[in-house]
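Trainee: Take this structure, written in structure tokens, and hold onto it; I'll ask about it next.
The values are calculated or read from the model by the stated rules, or taken from the named source; none is laboratory data. If you're wondering where the values come from, they're calculated on a predicted model, not measured in any experiment. Note: ideal-geometry Cβ built from the backbone for every residue, glycine included; neighbour counts use all protein chains shown.
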Amino acid sequence: MRTQRQVVDFALQRRALLRDVYAGRVAVREVCDASAYLRTAARFHGEPTEDLCPICRREFLTRVHYIYGDELKQSAGQARTLAELTSLATTLREFQVFVVEVCRGCQWNHLVEQFLLGDAGTPEATTGTAPAAPGRRSSTSRRRQAM
Ligand SMILES: [Zn+2]
């Protein structure tokens, strides 16, 4: 999505956790613990991917997008499809999205990334906080344009 900002990627943490699982330092049941809510969200709001589950390697992962933010009111904390996120991004100023991947086979799940979406995208111009320039030359630019 092109309005994504303040993206935080959790790929490193994911890789580190998987390394621990493969090495037997973390039990599979500890990481394959998708809640009933997450499984339901994956079923109804998830986006299919072509990434194989890193644990069971039998199922493709589903990505679930959770939304948070004051503007969402009672919708905060709910899962939304990508299409819904796109339309929310044009109507709201700012909200947080958490992307969780989940395997519908073995229940592996992990936070993939988080980012902000919304219409507040354009960075504030810094002119408002700039110190006043010495002299009064700026008044020339305010002179009324001749017809
Ligand atoms: Zn799996």
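Trainee: Tally time: how many residues in the range 72-83 are among the charged types (D, E, K, R) and modelled with pLDDT of 95 or more?
Mentor: The total comes to 1.
Trainee: Out of all the residues in the range 91-105, is one or more within 16 Å of the ligand (Cβ to nearest atom) and among the small types (Gly, Ala, Ser)?
Mentor: yes
Trainee: Further question: When you check residue 59 against the structure, is it under 14 Å from the mean Cα position of the chain (by Cα), within 16 Å of the ligand (Cβ to nearest atom) and modelled with pLDDT of 95 or more, yes or no?
Mentor: The answer is no for residue 59.
Trainee: Which of the residues that make up the range 1-25 are within 24 Å of the chain's Cα centre (by Cα) and part of a helix (DSSP H, G or I)?
Mentor: Within the range 1-25, 11, 12, 13, 14, 15, 16, 17, 18 meet the criteria.
Trainee: Looking only at residues that are within 14 Å of the ligand (Cβ to nearest atom) and not in a helix (DSSP H, G or I) in the range 26-40, which one is surrounded by the most Cβ atoms within 10 Å (Cβ to Cβ)?
Mentor: Across the range 26-40, the extreme among qualifying residues is 34.
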